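Asks: Encoded as structure tokens, here's the structure I'll be asking about.
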Amino acid sequence: MKWSSSISEEATLAGAFDECARKIEGELGELPPHMVVAFVSPHYAPEYEAVTALVAERFGDALLVGCSGGGVIGAATEVENRPGFALTAAHLPGVRLTPFHIQYEALPDGDAPPHEWGALVGMPIGSESHFLILADPYSMRGEQLLMGLDYAFPHSVKIGGLASGAHHEGGNALYLGNETHKSGVVGLAFEGDVQIDTVVAQGCRPIGDFMHITSCRRNILLEVDGRTPFEILKEIFLTLNERDRGLAQHSLFLGVVMDELNDNPQLGDFLIRNIVGVDAQHGALAVGELLKEGQTVQFHLRDAETSSQDLSALLEQYMSGQPDDGPQGAGALLFQCLGRGSYLYGKPDHDTDMFSEMVGPVPLTGFFCNGEIGQVGESTFLHGYTSSFGIFRPKHHRQSV
């Protein structure tokens, strides 16, 4: 397995593609690419549909997948708010690629058996497959798709993100093979000699203690440990320093442990969700997630410093399970929230620089998303404010954090 990643800021799409392709050809040499991944900034929107022909002419039978992105990432470099074209190519011996394109109306209903979800992505139930998923946020309910795929393929890794760059339906581009789509989902199923390790950095740190939900109604948190959330928050607030008190005013989140058997949650075990509303009269909170009584929860804060520490800790945790010289024969894809990058850190390349420093010179490509797909525990979720890494390598062992 061999990957190459490139990026260009050339003014024209043809020029940007040529610059990226020349670098890839130089790095892969005689090895034919089986997969090409392209991420394209909206500055090239009038030429979106030219991408498929450019790839087909240059890379022959390689299977193209990709989408538009409000910012793009290539060769471990982030390009935001200016023209950018990112391209990666991978030589994947012993790996079978199955492409799929899904429209919202084709999704099975909630009572559908697993084989209907398998048919949707062209994979038999029980296959040892993993999935790359790129979705248009205006035309696809990503959560419904992820729940269905988790149901049908509970042991498979799912990684990806929601296309960005457009401000209206039909404005994004999704690439699959020789086709450019304006809606739905495109993706690939991977089988054979390939493993995808995941690192999902949600950028938060906990405050206060673990609590258990004792009363809730759908997404409304009514009681934790027999008390209202407001009572708990008032006590926590008194223990915070001045800086954290300021963060609690505008950057407070709820972490929910999704594994009901996890009695001692650690870093990466919480699903971080927005607090979307308050009921001061009853001391209740509305949370961006369906809740269940008995779940373990903890309040969290987010800012640039916390986000940086969270990513560092998760990458360190990942590397602790790797050989001394890092994951071998690998390439990586990064799905990073539009709210991170220079918007959060005040400078570009924060997450990509940290990945390169801690993981090593793994070819890294990606884009800035309207939502990021990644695992927490054994389930797959659509996140916000997250950097979701998928590290592809030949099968040896799996580790996800």
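The values are calculated or read from the model by the stated rules, or taken from the named source; none is laboratory data. Please read all numbers here as calculations on a predicted model, not as lab measurements. Ideal geometry is used to build each Cβ from the backbone, glycine not excepted, and the neighbour counts take in all protein chains shown.
Asks: Counting residues that are under 30 Å from Gly255 (Cβ atoms), which strands (runs of 3 or more DSSP E) fully inside segment 166-225 reach at least 1?
Replies: Numbers: elements: 174-176, 179-181, 185-192, 195-201, 205-217, 220-224.
Those strands (runs of 3 or more DSSP E) span 185-192, 195-201, 205-217, 220-224.
Asks: Next up: Condition check: within 19 Å of the chain's Cα centre (by Cα), within 17 Å of Phe368 (Cβ to Cβ) and not charged (D, E, K, R). Does Val79 satisfy that?
Replies: Working: within 19 Å of the chain's Cα centre (by Cα): yes; within 17 Å of Phe368 (Cβ to Cβ): yes; not charged (D, E, K, R): yes.
Spelling it out, Val79 is indeed within 19 Å of the chain's Cα centre (by Cα), within 17 Å of Phe368 (Cβ to Cβ) and not charged (D, E, K, R).
Asks: Which of the residues that make up segment 306-357 are assigned to a loop (DSSP other than H, G, I, E, B) and of a type in the set (Ser, Thr, Tyr)?
Replies: Of all residues in segment 306-357, those assigned to a loop (DSSP other than H, G, I, E, B) come to 320-330, 338-340, 346-349.
Selection gives Ser320 alone.
Asks: So is Glu128 over 22 Å from Gly184 (Cβ atoms) and surrounded by 18 or more Cβ atoms within 10 Å (Cβ to Cβ) or not?
Replies: Working: over 22 Å from Gly184 (Cβ atoms): yes; surrounded by 18 or more Cβ atoms within 10 Å (Cβ to Cβ): no.
So Glu128 fails the test.
Asks: Output yes when any residue across segment 163-175 is surrounded by 15 or more Cβ atoms within 10 Å (Cβ to Cβ) and either over 22 Å from the mean Cα position of the chain (by Cα) or not assigned by TED's automatic domain parsing to the domain that holds Val359 (or both), and no when none is.
Replies: Here is the first cut: in segment 163-175, the residues surrounded by 15 or more Cβ atoms within 10 Å (Cβ to Cβ) are 163-166, 171-175.
From what is left, the residues that are either over 22 Å from the mean Cα position of the chain (by Cα) or not assigned by TED's automatic domain parsing to the domain that holds Val359 (or both) are none.
Checking segment 163-175: not a single residue is surrounded by 15 or more Cβ atoms within 10 Å (Cβ to Cβ) and either over 22 Å from the mean Cα position of the chain (by Cα) or not assigned by TED's automatic domain parsing to the domain that holds Val359 (or both).
Asks: Assess whether Glu19 counts as being at pLDDT 95 or above, in contact with a strand residue (DSSP E or B) (Cβ under 9 Å, 6 or more places away or on another chain) and either in the same structural domain as Pro348 (by TED's automatic domain parsing) or more than 14 Å from Tyr175 (Cα to Cα) (or both).
Replies: Yes.
Asks: Please name all residue pairs, on different chains or six or more residues apart, with Cβ atoms under 7 Å, provided the first residue is in segment 155-171 and is within 21 Å of Pro83 (Cα to Cα) and the second residue is crowded, with 17+ Cβ neighbours inside 10 Å and aromatic (Phe, Trp, Tyr).
Replies: If the second residue must be crowded, with 17+ Cβ neighbours inside 10 Å and aromatic (Phe, Trp, Tyr), the pairs left are Gly161/Phe335; Gly161/Phe367; Ser164/Phe368.
Asks: What is the residue count in segment 115-150 for residues that are touching a Gly at 6+ places or on another chain (Cβ under 8 Å) and assigned to a strand (DSSP E or B)?
Replies: Here the count works out to 5.
Asks: Ala112 fails exactly one of the following numbered conditions: (1) of a type in the set (A, V, I, L, M, F, W, C); (2) in a loop (DSSP other than H, G, I, E, B); (3) closer than 30 Å to Tyr44 by Cα. What is the number of that condition?
Replies: (3)
Asks: Is it the case, given these coordinates, that Ala89 is at pLDDT below 95 and hydrophobic (A, V, I, L, M, F, W, C)?
Replies: So Ala89 fails the test.
Asks: Can you report the number of residues in segment 53-90 which are touching a strand residue (DSSP E or B) at 6+ places or on another chain (Cβ under 6 Å) and either within 16 Å of Ala189 (Cα to Cα) or not in a strand (DSSP E or B) (or both)?
Replies: Of the residues in segment 53-90, 13 are touching a strand residue (DSSP E or B) at 6+ places or on another chain (Cβ under 6 Å) and either within 16 Å of Ala189 (Cα to Cα) or not in a strand (DSSP E or B) (or both).
Asks: While we're on this one: Any idea which residue in segment 139-155 is nearest to the chain's Cα centre (by Cα), counting only those that are over 23 Å from Val72 (Cα atoms) and buried (at least 21 other Cβ atoms within 10 Å of the Cβ)?
Replies: This residue is Leu146.
Asks: What's the number of the condition Glu105 fails, among (1) out of contact with any strand residue (DSSP E or B) (no Cβ under 7 Å at 6 or more places or on another chain); (2) outside any helix (DSSP H, G or I)?
Replies: Unmet for Glu105, out of (1) out of contact with any strand residue (DSSP E or B) (no Cβ under 7 Å at 6 or more places or on another chain); (2) outside any helix (DSSP H, G or I): (2).
Asks: Filtering segment 80-92 down to residues that are aliphatic (A, V, I, L, M) and touching a Pro at 6+ places or on another chain (Cβ under 8 Å), which residue is surrounded by the most Cβ atoms within 10 Å (Cβ to Cβ)? Steps first, answer last, please.
Replies: Going through segment 80-92, the residues aliphatic (A, V, I, L, M) turn out to be 86-87, 89-90, 92.
In the following step, the residues that additionally are touching a Pro at 6+ places or on another chain (Cβ under 8 Å) were identified as 89-90.
Values: Ala89: 33, Ala90: 27.
Once the filter is applied, the top-ranked residue is Ala89.
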